[in-house]
1. Add +1 for every Lys or Arg and -1 for every Asp or Glu among the other residues with Cβ under 12 Å from the Cβ of LEU32, and state the total.
2. What is region 1-72 by shape, rounded, prolate or oblate, if you read a ≥ b ≥ c off the alpha carbon gyration tensor as root eigenvalues and call it rounded for a/c under 1.5, prolate for a/b larger than b/c, and oblate otherwise?
3. With a probe of 1.4 Å, find how much accessible area region 49-170 has per residue, and write the answer as a whole number in Å².
4. Of ASP36, ASP136, which has the most accessible area with a 1.4 Å probe, and how do the rest follow in descending order?
5. Compute the long axis of helix 128-149 from its Cα atoms, compare it with the longest principal axis of the Cα atoms of the chain, and write down the angle in degrees, 0 to 90, nearest 10.
6. GNM, the chain, Cα, under 10 Å: largest mean-square fluctuation among THR101, THR47, THR160?
7. Which listed residue (VAL90, PRO125, TRP59) has the Cα farthest towards the positive end of the charge dipole for the chain, taking +1 on Lys and Arg C-beta and -1 on Asp and Glu C-beta about the Cα centre?
8. Hey, got a sec? Which trypsin sites (Lys or Arg not before Pro) in region 1-88 land in a DSSP loop and have at most 11 other Cβ atoms within 10 Å?
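The values are calculated or read from the model by the stated rules, or taken from the named source; none is laboratory data. What you are looking at is a predicted structure, and each value in this text was computed from that prediction instead of being measured. Glycine gets a Cβ as well: all are built from the backbone with ideal geometry, and neighbour counts include every protein chain shown. SASA here: full protein model, heavy atoms, side chains in, ligands and nucleic acids out. Shrake-Rupley method; radii C 1.70, N 1.55, O 1.52, S 1.80 Å.
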Amino acid sequence: MGDKKDAASVALKRAEMAERRQKVMALMRLRLGQTDIARQLGVNQGTVSRDERAIREEWKRQYAAAMNEQIAEDVAVLNDDERRWRQEMVRALMARTETRTVIRKVRGDDGSRETVEEAVEVDVPPDRDLALRVYDRVLEIVGKRARLMGVEPPTKIAPTDPSGKREYNV
């Protein structure tokens with residue numbers, strides 16, 4: 001029986017704390033100080049301080065979760081873009097045969113001129129310039145993904161003397 005009473009008491013205290021924190025949050029948004037909030041709610045300033053700390057931590061968790069979700073979505077888009085650009089690069093590097101329509105004017109048996117369309121197989125050589133441009137695009141995507149995920153390599157900085165004007169020689 002004591003356990004049920006204790007559980008009910010704990011649940012009630014948590015509900016009261018959640019309600020108080022909602023009020024603290026509303027007053028924080030109005031830019032009131034901890035002392036003013038404490039006075040309005042009839043609690044001591046230490047309680048408000050703990051509530052504010054818990055509220056800010058919760059805001060940080062929510063912000064981090066939202067950022068992680070956005071980053072995951074952006075990375076998925078970049079992964080898809082990279083896959084498509086890599087396929088394009090492979091296509092640019094492959095010699096292939098394409099069917100093209102050619103329009104010719106021919107003279108008929110009776111001497112009249114006719115327009116004839118016919119399909120012609122054409123050999124298309126690899127386009128190395130296109131492949132290099134596509135490769136640059138792929139590298140841009142890889143760099144963007146690295147920055148989003150926080151794994152971008154550090155920028156190399158040349159050492160200088162204390163003035164920052166002359167190169168430092170060891």
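1. Surrounding charge for LEU32 is +2.
2. oblate
3. 83 Å²
4. Listed by decreasing accessible area, they come as ASP136, ASP36.
5. Approximately 10 degrees, to the nearest ten.
6. Among THR101, THR47, THR160, the largest GNM mean-square fluctuation belongs to THR160.
7. TRP59
8. ARG31
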